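**Q** Before I ask anything, let me first share the structure, which is written out below as structure tokens.
The values are calculated or read from the model by the stated rules, or taken from the named source; none is laboratory data. Keep in mind the model is a prediction, meaning the values are calculated, not measured. Positions of Cβ are generated from backbone atoms using ideal geometry, with glycine treated the same way; all protein chains shown enter the neighbour counts.
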Amino acid sequence: MSDDGRGLDIEKIRKKAVEKKFLTEEGAFGMSDEELVNLITLPGFSTAEKVDQISGRGVGVDVVKTKVEAFGGIFRIENHPGEGLKSVMKLPLTLAIIQALLVKSSGATYAIPVVHTIETVELPVSELKLIQAKRVIILRDEVVQVLSLSELLDKPPLPETDIVNLVIIEARDKKIALQVDSVMGQQEIAIKSLGEFLKYARGFSGVTILGDGSISLIVDVQSLIETNTKMV
């Protein structure tokens, strides 16, 4: 959904973020324009000077984002100053059958919903850099943090090789390179419930049975990253 208006006023958002104590002044000036735009999805954040019955209370965009992500989707805002605003929503076609990318990590097969994936990358291990104690790669002039799927799942990793397999995903409004042992390919899968005993398990949204009869857990990317926020 897009409009042909004037877009969002970045400086006004920055000023309001500091004024309403969402950010410190130093933190606000250290954020990119994209990160500042996504502040409008926070509950209670508004740049309106006056509050009326339908606007100015900071309620609306955050509700949309929360609901879309609850369905396993992605909500993103693209700001084009002087040209307009675009709201992008990505949702699975159904809640029962989805397209998933199958990957191997620590010897097990996992399914990552395609709605969260951007691309897969294979790089020499020498391409991994260390910035502020975090592993990153430079992908088309953009710094992308690398997280190991086995580490996120608290599983012992396999011995490192000269090549790293990465799945570039979108989570928490940013790109993250998820390191896996190998990428098996894309497949349409049917989601099955985790059952009563595992329904509160963080990091997984369900389970599926693959064509060879084996079981694969479906990774809940948003939940997995949120559970390990100290790594991001």
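**Q** Pick from D154, D162, D181, D141: which is under 23 Å from V207 (Cβ atoms) and without any contact (Cβ under 8 Å) to a residue 60 or more places away in the chain?
**A** Numbers: D162 fails: under 23 Å from V207 (Cβ atoms); D181 fails: without any contact (Cβ under 8 Å) to a residue 60 or more places away in the chain; D141 fails: under 23 Å from V207 (Cβ atoms).
Unique residue meeting the criteria: D154.
**Q** Do we have S148 as among the hydroxyl-bearing types (S, T, Y) and touching a strand residue (DSSP E or B) at 6+ places or on another chain (Cβ under 6 Å) here? Explain how you work it out, then say what you get.
**A** Values: among the hydroxyl-bearing types (S, T, Y): yes; touching a strand residue (DSSP E or B) at 6+ places or on another chain (Cβ under 6 Å): yes.
Yes.
**Q** Considering only residues that are over 15 Å from V180 (Cα atoms) and over 17 Å from the mean Cα position of the chain (by Cα), which ones fall in segment 140-152?
**A** If the condition is that a residue be over 15 Å from V180 (Cα atoms) and over 17 Å from the mean Cα position of the chain (by Cα), then R140, D141 are the ones that fit.
**Q** Name the residues in segment 207-232 that are at pLDDT 85 or above, out of contact with any Lys or Arg (no Cβ under 8 Å at 6 or more places or on another chain) and among the hydroxyl-bearing types (S, T, Y), would you?
**A** If the condition is that a residue be at pLDDT 85 or above, out of contact with any Lys or Arg (no Cβ under 8 Å at 6 or more places or on another chain) and among the hydroxyl-bearing types (S, T, Y), then S214, S216 are the ones that fit.
**Q** I would also like to ask the following. Filter segment 184-206 down to residues that are surrounded by 18 or more Cβ atoms within 10 Å (Cβ to Cβ), out of contact with any Gly (no Cβ under 8 Å at 6 or more places or on another chain) and assigned to a strand (DSSP E or B) and give me whichever is modelled with the highest pLDDT.
**A** Step by step, filter segment 184-206, then rank; the result is I189.
**Q** While we're looking at this one, here's another question. Would you check which residues across segment 1-54 are hydroxyl-bearing (S, T, Y) and either in the same structural domain as T66 (by TED's automatic domain parsing) or within 18 Å of K174 (Cα to Cα) (or both) and list them?
**A** Passing the criteria: T24, S32, T41, S46, T47.
**Q** Mind counting the residues in segment 115-156 that are within 24 Å of I98 (Cβ to Cβ), surrounded by fewer than 12 Cβ atoms within 10 Å (Cβ to Cβ) and of a type in the set (G, A, S)?
**A** The qualifying residues number 0.
**Q** Go through segment 9-30 and count every residue that is under 17 Å from G44 (Cβ atoms) and in contact with a helix residue (DSSP H, G or I) (Cβ under 6 Å, 6 or more places away or on another chain).
**A** Selection size over segment 9-30: 6.
**Q** If you don't mind, there's one more thing I want to ask. How about segment 60-111: which of its residues are charged (D, E, K, R) and under 30 Å from T161 (Cβ atoms)?
**A** Of segment 60-111, the ones charged (D, E, K, R) are 62, 65, 67, 69, 76, 78, 83, 86, 90, 104.
Passing the criteria: only K104.
**Q** Same structure, new question: For A17, work out the one condition from (1) modelled with pLDDT of 85 or more; (2) touching a strand residue (DSSP E or B) at 6+ places or on another chain (Cβ under 9 Å) it doesn't fulfil.
**A** (2)
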